[in-house]
Amino acid sequence: MIIELRQDILVANQKMVSVVKERLAQEKVLMLNIIGSPGSGKTSLLEATLAGLSERFRVAIIEADVETKRDSERLERFGVPLYHINTGGMCHLESDIILASLEKMDLAATDVVIIENVGNLICPADFDIGEHAKIAVSSVPEGDDKPSKYPVLFREAAAVVLNKTDLVPYTNFNVESFTTDLRRINGTVPLFELSATGGNGVQAWLDWLIQKVEASQA
Amino acid sequence: MHEMSIVEHLFGVIDDIAKKEQLTSIQRVAVEIGGMRQIVPELFQFAFDAAKDRTIAAGAELAMTFVPIQATCNGCGAVFEVQLHEYVCGSCGGADVKVTGGKEILITSIEGDRDDN
């Protein structure tokens, strides 16, 4: 016998996504999903973000890594609630893991949850975890061809951060080529060129984020 | 290698359907995958073959259908197929476009035998 269907294979993940979205909506919490390569500066971006945001808003962080708690340890000094996930080889996060972290949080006392996904440009782009926005982080030493090579992430992103721009003079990175490729994939996405450790351009990113958090609370 | 995770989810769905339909064996599983899913067919097949052992679908064949990415222009309303991940309207050149197809990740049919005793 043949059983005809049209059923979502990721139905289990999508069910948890609905629960996550509902929980966030109840407490008017904004949730961001930061995705980028290993070494692109996701944790440095979080450090710069927490330095600029944690006095104004109540931020909670979910840190995901395949192994080690090093990223979480780097963020401890900010004194914000920090939830660490070791995926143990899994290349992305799924919604059930996020829901489990959210359930440990005091969401009523949280304005924004920022998730640092596993360092990977492909897998995390494919799994909805109930976030309001995916943030793609790319960095100068990786080369200017990342949008073309990993188009789905850059297409799905609500904002793109190009990090380590202070290194442009020392590399063959072509900012114009990066931007042209990105615009072909995502013509309307905000692009923030910055140096998370040097501070250049960070304010524009923070301003965008502040606006997002305020809009979610309205 | 998100193909492995997706196949794990697929077998969860197969299991549920098999129980509901009281299937005793499965010969064929058909899936439909959109271009936004970045699935490498060989890896998906490999993951499927690795996962099917010791399941009700141990001998099953996998049929994959790939769906192109479709977008709608927010400027002029044109509907077009996205080629090579170029999300620019072919009619008006506008870059403000919405993806309206290509995110599918569906199981479309299962062929199997039912226990009629």
Requested in this report: Specify the inter-centroid distance of the range B:40-107 and the range A:140-179, based on alpha-carbon positions, in whole Å.
Outcome: 25 Å
Query raised in the report: At 25 °C and 0.890 mPa s, what whole-number value in µm²/s does Stokes-Einstein give for the translational diffusion of the range A:26-217, with Rh from the Kirkwood sum over Cα pairs?
Result: 147 µm²/s
Report task. May I have the pair-distance distribution P(r) for chain B, computed from all Cα-Cα distances with 10 Å bins from 0 and rounded to whole percent? Result -> 13, 37, 23, 17, 9, 2, 0
**Report entry** Computed over chain A: relative contact order in percent, which uses C-alpha pairs under 8 Å that are six or more apart
**Finding:** 25 percent
Report summary line: For B:SER25, other-chain or 5+-apart residues with amide H closer than 5 Å (H placed, Pro excluded) are B:ASP113
Query - Simple label model, 7 Å out from Cα along Cβ direction - A:VAL66 to A:SER177, nm - result: 2.8 nm
Report summary line: Of the range B:45-84, those with amide N under 19 Å from the point 7 Å along the Cα→Cβ vector of B:THR100 are B:67-84
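We did not get these values from a lab; they are worked out from the coordinates using the rules stated. Since the model is a prediction, treat every value here as computed from it, not as a measurement. Because the Cβ atoms are built from the backbone with ideal geometry, glycine has one as well, and the counts that use them run over all protein chains shown.
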